[in-house]
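Below you'll find the structure, written out as structure tokens, and then a few comments.
Derivation of every value follows stated rules applied to the coordinates shown; laboratory data play no part. All values derive from a computational prediction rather than experimental measurement. For neighbour counting, all protein chains shown are included, and Cβ atoms are generated from backbone atoms with ideal geometry for every residue, glycine included.
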Amino acid sequence: MDGIAIVIPLTKKLHQDGAPVRPKPDTTTYFTHTWYVNGGEKVRCGANSFQGTSKTKLNQWTKRTTVDTDNRPGDCHQSFGIIDPANRLDGLNLSINFKATDKKGEQQCRNTGKCRIPIVSDESFLYPSEHIISADDGPGGCELEFSIKGRSDVVLDIEFFATNTDTDREKNQCGNRGTHKVALNKPVTILYDTDGRRGGCAQRFRLRKL
């Protein structure tokens, strides 16, 4: 191969001075919803629904998830976070309050209490608190309240409905069904009480800037 020049095409973009052009950082704001089963049957947290982390831009719905715990083994783990590298949501306080509706059934709802959904500029620093739903045939269920402070131009939409609507008995597993808007000083509470009845509760979320 003497005398044959091999030309390797240049794939990186370069400045005029020869320095590589670095890609612009992503300044998009994202809302994240993490949902997965731990230590049990996948059907407990939705056999055919999404499990993992749904990462969506402002004004877009997260992927739909389903809780159908009944008396099956395992738990549903859930958490939320916001990635905001450009600080568009400065001053926003989006909080959740997770609690059992009956002390006799409080083991159905673990990691209870109020916490602020974290807002970080770098996704690698996003460590949201998980709450655990293990609703079974014990008394009561798990309430999850969302509230907003600090910003009047940001809202959280919640779509929450029963997957089986044959009778009120099935529908009532999911308290406060419908599409709701969490706004400044206007909290919204939903109830998971998915015990031995047919079906479960489906949900999805959308963070919007007005």
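Before moving on, here are some points about what is shown:
- Net charge over other residues, Cβ less than 11 angstrom from the Cβ of S95 (K, R count +1; D, E count -1): +2
- Cβ crowding within 10 Å, taken as a proxy for footprinting-reagent exposure, orders S134, S152, S54 from fewest neighbours to most as S152, S54, S134.
- The Cα center of region 89-135 and the Cα center of region 161-210 differ in position by 17 Å.
- The simple spin-label model puts a point 7 Å past each Cα toward its Cβ; for K181 and R116 those points are separated by 2.6 nm.
- Footprinting exposure proxy ranking of W61, W35, fewest other C-beta atoms within 10 angstrom first, gives W61, W35.
- Among the listed pairs K149/K181; K57/K181; K103/K181; K63/K181, those with a Cα-Cα distance over 20 Å are K103/K181.
- Gain upon complete extension [D153, D137; 0.36 nm per residue less C-alpha separation]: 1.7 nm
- Taking other Cβ atoms within 10 Å as a rough exposure proxy, D137, D75 sort from fewest to most as D137, D75.
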